[in-house]
Amino acid sequence: MSLTTLQRAQGALTAALAADALGTQFEFCQPVELRRKPAAELLQLQDCGPWHTLAGQPTEEGELMLLQARMLQYCRSYQEDQALSAYRYWLSTEPFALGASLQRAIVGGADEKDYTANALSRLTPLCILGVHYSLPQIAAWAMADTALTQNAVQMQQISGLYAMLLAKAIDTGADAETLYQDVEIWAQELKVDPQIRQSIQQALFMPGSTDLRQQNPALAAFQNLLFQLLYAKSLGEAMVDTIRLGGDTGSNTVIVAAVFGAIGGIEQVPQEWRDALKNCRPQDGVTGVEQPRDEMFWPVDAELLAQQLTELTPASAAEANR
């Protein structure tokens, strides 16, 4: 059955949000420990975790995705100044999960030495909006958004390639092999950094070395995504393999899940994940809620948000800016 753009967009966003919650549950575990855990345990959303959250509750990556989606819905297109204001607002809400490098960047300006993967992991809403725009435009927006917090040229190039890949998966339903071949072509045509092109080639054989994961987590996450595209047979398998690598399991799993969610569509996202997201309301004062958050950071309307983003055409953006 042919999937619609809406089904792919909903699959991308819900899978990414579920992956944030799942990956974060194992963020402080060593790979040797993760390899001993059965796959079913790694894919089970549950209360508690290292941040004492509700099942399905977003952490850093998920909250930024939701905030970006709502910002895009309000502005009706990507606007760099509005994005930065949104990220500063998010910081003012005192998020319980916050990477030190991201905090420094939001407060003091972009860090050209930061190669963490958090910029890639917040791009899913932007890529859904991108179904009505050209791939170069999507890449330009992704690079601009990344530069707000991580302004190394290589970091921006990784984000641009990832955004084009995810946007094409959402828009066209291209299969995994086609997407990998597209990335190869784009990297060559755009003359990206040689290290990126090398990682694209190495993805044929491995998900990224331990050294690369330590020195350049974003590039390692991108290489792992390409490796999973080529060899993983399902969303769940790709997520389990990614979590078992250890490291920043939250960001890394989001990056993979968004693409696999787009390829498989919303019906391939487990119903228990969808239900967990729809019922996750970390409201202050409610028994069992240890990390209360404002409603804008609740994932209850994720599928509706994805639908609304697919409806934001260039014409509607132009009308809003009159």
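Please treat every number below as a calculation from the coordinates, not as lab data. Please read all numbers here as calculations on a predicted model, not as lab measurements. Positions of Cβ are backbone-derived with ideal geometry, glycine not excepted, and every protein chain shown enters the neighbour counts.
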Inter-label distance for VAL300 and SER92, nm, one decimal - labels placed 7 Å from Cα along Cα-to-Cβ: 2.5 nm
Only sites in a loop by DSSP and with at most 16 other Cβ atoms within 10 Å count here; which trypsin sites (Lys or Arg not before Pro) in the range 1-89 make the cut? none
Estimated distance in nm for a label pair at GLN268 and ASP47, the labels positioned 7 Å out from Cα along Cα-to-Cβ: 3.3 nm
With every atom except the alpha carbons ignored, what do you get for Rg and Dmax of the range 196-322, in angstroms? 18.2, 51
Out of VAL300, ASN252, GLN202 - ranked by how far each Cα lies towards the positive end of the dipole of the range 187-322, with unit charges on the beta-carbon of charged residues - the top one is GLN202
Candidate values (1) 122; (2) 153; (3) 144, label of the one derived for volume of the Cα convex hull per residue in Å³: (1)
³J(HN,Hα), Karplus 6.51/-1.76/1.60, whole Hz, each residue of the range 230-247, x for Gly, Pro: 6, 10, 6, 9, 7, 4, x, 5, 5, 5, 4, 4, 5, 4, 5, 6, x, x
Ranking THR124, THR93 by Cβ neighbours within 10 Å, fewest first, what do you get? THR93, THR124
Between LYS113 and ASP81, what is the label-point separation in nm under the 7 Å Cα-to-beta-carbon projection? 3.2 nm
Chain lengthening between ASP275 and GLN181 when straightened (0.36 nm per residue, less Cα-Cα): 30.3 nm
Going by how many other Cβ atoms sit within 10 Å of their own, how do ASP171, ASP211, ASP47 line up, fewest first? ASP211, ASP47, ASP171
In terms of the alpha carbon gyration tensor, root eigenvalues a ≥ b ≥ c, rounded if a/c is under 1.5 and otherwise prolate when a/b exceeds b/c or oblate, the range 139-232 is oblate
Pull out a ≥ b ≥ c, the square roots of the eigenvalues of the alpha-carbon gyration tensor of the range 255-321, then state rounded if a/c is under 1.5, prolate if not and a/b is larger than b/c, and oblate in the remaining case. oblate
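Say R0 is 51 Å: what FRET efficiency, to the nearest 0.05, do ARG197 and ASP284 get from their beta-carbon distance?
E between ARG197 and ASP284, to the nearest 0.05, is 0.55.
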Highest-first arrangement of 251-260, 127-136, 102-111, 282-291, where packing means the average Cβ count within 10 Å: 251-260, 127-136, 102-111, 282-291
